[in-house]
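Notes to accompany the following structure.
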Amino acid sequence: MMRRLLAVWHARNLEFLRDRPTLLFTLLLPIGVVIGMGFIFGGPPRPIFTVGILGTGANPLLHERYVQFTSIHDRARGLYEVTHQKIDLLVDLQNPVRYWVNTDSAKGYIIEKLLLAADPGARRQPVTGQAIPYVDWLFPGILAMNMMFSCLFGVGYVVLRYRKSGFLKRLHATPLSAFEFLTAQVLSRLSLIVFVTVVLYIIIAAFIHFHSAGSIALLLLLTVLGSLSMIALGLTIAARFASEELVGGLLNLLTWPMMLLSGVWFSIESAPRWVQWVADLFPLTQVIQAARAVMLDGAGIQRITPNLIYLAATTLVFLAFGAWSFRWRVD
Amino acid sequence: MPESAPILEVHDLVKQYPSVTAVNGVSFAVPEGTCFGLLGPNGAGKTTTIEIMEGILPPTSGEVRYRGEPAGARFREEAGILFQKTALQDFLTVRQSVALFRGLYEHGLEVDEVIELCALEKLAGRDNRKLSGGQQQRLLLAIALVNDPKVIFLDEPTTGLDPQARRNFWQLVESIKARRKTIILTTHYMEEAQLLCDEIAIMDRGRIIAQGAPQRLLSEHFAEVLLELPRHEFPDLARSLSLKLIDASDRVEISTHDLDGTLRKLIEARVPLRNLRIRPANLEDLFLELTGKELRA
């Protein structure tokens, strides 16, 4: 038994070691991730709470560590950010000190305790308008993240399997062009994802008693454009390679940063500006920003037009690049 | 056979890989309505040549012309291809697989017509992954015929099939030939080539070493007949007879113009003849004659 085990172990190791792109990628990915994370999360300890400050003045709270204070000039804007959990607390420093907190926010609950410990006289003010529960805030992000995984992995691995099995080579012997093939893959996946997303939306919305503040038709348009962009992105990865490990690694390289930085789980407003700038490049960020605007704020098409244009443009760019770099067969 | 204009012309084809020249200056023309065979052992360059002709592989140099023009969009519409190895899309039935490829062409046969042509009626509803080797090849042939092609490429179509499945496949190819289709066939089975091909080109190490109609090539190279005897029944004493002997692995072959005289000599030398086989030379012998080696199948 040991001999057989060793024979298979040895052969598998040779296969892995001789697959140069995968080997290189396996070594470089963790190094890249560590360096990237170091840039993003390195340096001195980062603030845990974000507090918006109206007006000027002294307050013991301002000396607390691990709290990022953001000056806000417009109270209405500050209230919006509290209700949408973009900041954890809004404090008006003018006497008497008043504060606003989202009662559905866990971080809001803790920072409120800190404020009252530092300044017992601070007066709590009612949050005007509907406070957004965290689950409602999370809902668009979860839907979009599910779309992202389905788009990237669903298409990437299928095309790879077609290539490795020789099915693509057979298709190449027909009048079918690379662009036609890729477009068909995109449309096939798109219809599936739109269907699944609609079903998920209906089930989850019923479960958490969620009602979109904005147009459902607009959300559908956003789902279509967002899916198109992310499917096309998956195709650019699958367009050329024939190694499952390499394609898997590249897809992970795309999905992990998107999952962490696109604002699925938490707002990245307190992250360095360049991180936000990189995050804005991700189609997932555009989808989540627009979805939250429609679902939570009732935004119309005008407000999310830049997001929609970005998604449409990236779809075309990714598809064109995919068609250009496409390989029908294993070289 | 009446001469007709070539439907396909291959001009000085070269395919160079970093460590090997797979095809080295191959040229030939295929008249319309004929079956043209590319023969040779594994590694001779047959599949590379045919894949360049199909437009799947780019040549390093040289050119393929279809109806006098560089092979392009028209060629793709009018060519049917059966690769040596092809996987189909999973979870599709035989009919759905044929229908998928029918949808890729502007013109062609009805799906049911192709299914009937390749005797797949009883298998039409079966998952394509659950077919035997012979049935799978018939399905791939059906897919190759779905656009009613003018020219059909069959790359080692019967490799790995059992003898019965192979013969069934040959019958199908015969029926396609009867429809005046042009067929390009690669094979290392000489029997297959002899049966199906109107003209053959024998390849070895990336070059064509002989080309012509099988019978003409055989008559050019062999005026003799071959007598075969089991090696263990051929006494050493008989080796002193003035005969042209060829030692094969399990038999001794005697090549002769004078069958009567040779038989007399063997009888006089008391060589047992109960297992004697007399046969004309075939393409296998021709390959041996041309290259000095047996087919490396």
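The values are calculated or read from the model by the stated rules, or taken from the named source; none is laboratory data. Nothing here was measured: the structure is a model prediction, and the numbers come from that model. Heads up, the Cβs are rebuilt from the backbone with ideal geometry, glycines too, and the neighbour counts pull from every protein chain shown.
Given (1) surrounded by fewer than 17 Cβ atoms within 10 Å (Cβ to Cβ); (2) within 13 Å of chain A (Cβ to nearest Cβ), where does B:I81 come up short, assuming only one miss? Status for B:I81: all satisfied but (1). The condition (being part of a strand (DSSP E or B) and not β-branched (V, I, T)) is satisfied by just one residue among B:L286, B:L263, B:L245: B:L245. For the residues B:I115, B:I50, the requirement of being buried (at least 21 other Cβ atoms within 10 Å of the Cβ) and either among the acidic types (D, E) or within 14 Å of chain A (Cβ to nearest Cβ) (or both) singles out B:I50.
Residue by residue, here is whether (1) within 14 Å of chain B (Cβ to nearest Cβ); (2) closer than 30 Å to B:V146 by Cα; (3) assigned to a helix (DSSP H, G or I) holds:
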{"residue": "A:P120", "(1), (2), (3)": "no, no, no"}
{"residue": "A:V135", "(1), (2), (3)": "no, no, yes"}
{"residue": "A:N146", "(1), (2), (3)": "no, no, yes"}
{"residue": "A:F149", "(1), (2), (3)": "no, no, yes"}
{"residue": "A:R161", "(1), (2), (3)": "yes, yes, yes"}
{"residue": "A:R170", "(1), (2), (3)": "yes, yes, yes"}
{"residue": "A:E180", "(1), (2), (3)": "yes, yes, yes"}
{"residue": "A:S188", "(1), (2), (3)": "yes, yes, yes"}
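In the set A:A173, A:A122, only one residue is closer than 30 Å to B:A71 by Cα, in contact with a strand residue (DSSP E or B) (Cβ under 9 Å, 6 or more places away or on another chain), at pLDDT below 90 and surrounded by 17 or more Cβ atoms within 10 Å (Cβ to Cβ); that residue is A:A173.
Of all residues in segment A:70-83, those satisfying the criterion of being buried (at least 18 other Cβ atoms within 10 Å of the Cβ) and within 26 Å of the chain's Cα centre (by Cα) are A:G78, A:L79, A:E81, A:V82, A:T83. Restricting the search to helices (runs of 4 or more DSSP H) fully inside segment B:123-196 and requiring at least 2 residues that are within 19 Å of B:T47 (Cβ to Cβ) and modelled with pLDDT of 90 or more gives B:133-145. B:R251 satisfies every condition listed in (1) modelled with pLDDT of 85 or more; (2) basic (K, R); (3) surrounded by 13 or more Cβ atoms within 10 Å (Cβ to Cβ) except (1). Here B:L100 fulfils each of the conditions (1) at the interface with another protein chain (Cβ under 10 Å from one of its Cβ atoms); (2) crowded, with 23+ Cβ neighbours inside 10 Å; (3) in a helix (DSSP H, G or I) apart from (2). One residue stands out among those in segment A:50-64 that are over 18 Å from A:P96 (Cβ atoms) and surrounded by fewer than 20 Cβ atoms within 10 Å (Cβ to Cβ): the one that is farthest from the chain's Cα centre (by Cα), which is A:H63.
Considering A:V155, A:V186, A:V196, the condition of being in the same structural domain as A:L251 (by TED's automatic domain parsing) and either modelled with pLDDT under 85 or among the polar types (S, T, N, Q) (or both) is satisfied by A:V155 alone.
Let's see how each residue does on (1) farther than 28 Å from B:Q194 by Cα; (2) within 14 Å of chain A (Cβ to nearest Cβ); (3) out of contact with any Ser or Thr (no Cβ under 6 Å at 6 or more places or on another chain); (4) surrounded by fewer than 21 Cβ atoms within 10 Å (Cβ to Cβ):
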site	(1), (2), (3), (4)
B:Q16	yes, no, no, yes
B:V23	no, no, no, no
B:F28	no, no, yes, yes
B:G37	no, no, yes, no
